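The values are calculated or read from the model by the stated rules, or taken from the named source; none is laboratory data. Quantities reported herein were computed from a predicted structural model and do not represent experimental measurements. Glycine gets a Cβ as well: all are built from the backbone with ideal geometry, and neighbour counts include every protein chain shown. What goes into the accessible areas is simple: the full protein's heavy atoms, side chains included, and nothing from ligands, DNA or RNA. Shrake-Rupley method; radii C 1.70, N 1.55, O 1.52, S 1.80 Å.
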Amino acid sequence: MTQLPLQGTGLAGWLYASRCALPSAWAQRAVDDIVAKSVPRNAALDVTGALLFTGARFVQFLEGPAESIVAIRQNILADRRHHDIVTFLSGGRAERVFSNWSLAYAGPSLFVADKVENLFHIGIRHTAEIIDLLEQFVIISEANKP
Ligand SMILES: Cc1cc2nc3c(=O)[nH]c(=O)nc-3n(C[C@H](O)[C@H](O)[C@H](O)COP(=O)(O)O)c2cc1C
């Protein structure tokens, strides 16, 4: 696991996975609400990124000025709508992956759920593959938007 401290105003990133703590009947509406509120908040902090929700797990990657990432990370870590948060990557980044999205979102599908379960088998050293996977999901879900 890459665990560098996030410092200063340089570009930083945070990639984590967690388990949804919301009853499944409410989860989708709650997640839609999280995304709707996060988009303007992330934009105001110059943060971009992607959130994937399988119905049971979240995988999220956020990138932006280190100070912004630290602030958002603190909120997200304390958020009781999810738990078992595992950090895959936290530290400096050379460039943005999701520069066009304040928070791109890929919602539940069997395909996504299977791929995410596999992440926990391939291990958390493969952070580049996880970010690639997020990018693919985002591209697919953007392409399928009406
Ligand atoms: C899975 C998950 C992802 C989240 N992603 C973001 C995000 O990208 N940006 C954001 O501002 N809040 C995000 N939140 C919400 C924050 O945890 C928190 O509710 C929000 O920053 C507001 O904090 P406040 O209640 O102190 O105002 C997320 C929450 C969850 C459960």
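Quick notes
- Distance between modelled label sites at residue 128 and residue 86, nm, 7 Å Cα→Cβ extension: 2.1 nm
- Treating r as the C-beta distance of residue 74 and residue 145 and R0 as 30 Å, the FRET efficiency rounds to 0.45.
- Cα-based shape type of the range 81-125, given that a ≥ b ≥ c are square roots of the gyration tensor eigenvalues and the cut on a/c is 1.5: oblate
- Three-way shape label, the range 51-125, alpha-carbon gyration tensor, a/c 1.5: prolate
- Taking the longest Cα principal axis of the chain as reference, the axis of helix 127-143 is set at about 60 degrees.
- 0 to 90° range, to nearest 10: angle between helix 24-44 axis and the chain longest Cα axis: 30 degrees
- Taking a ≥ b ≥ c as the square roots of the Cα gyration tensor eigenvalues, the chain comes out rounded, since a/c falls below 1.5.
- Listed residues 53, 111 arranged by accessible area, highest first, probe 1.4 Å: 111, 53
- Accessible surface ranking for 105, 16, 1.4 angstrom probe, highest first: 105, 16.
- Tilt relative to the chain, helix 66-77 - C-alpha long axis, 0 to 90 degrees, to 10: 40 degrees
- Helix-only [θ]222 nm of the chain, DSSP H runs n ≥ 4, -39500 (n - 2.57) each, per residue, nearest 500: -14500 deg cm²/dmol
- Per-residue HN-Hα couplings for the range 80-88 [Karplus 6.51, -1.76, 1.60; θ = phi - 60°; Hz; x = Gly/Pro]: 7, 6, 8, 8, 6, 7, 10, 7, 8
- HN-Hα J in Hz across the range 54-59 - Karplus 6.51, -1.76, 1.60, θ = phi - 60°, x for Gly and Pro: 9, x, 10, 10, 10, 10
- Other-chain or far-sequence residues with amide H under 5 Å of residue 89's (modelled H): 15
- Where 101, 14 fall by accessible area, highest first, once all protein chains stay in place (1.4 Å): 101, 14
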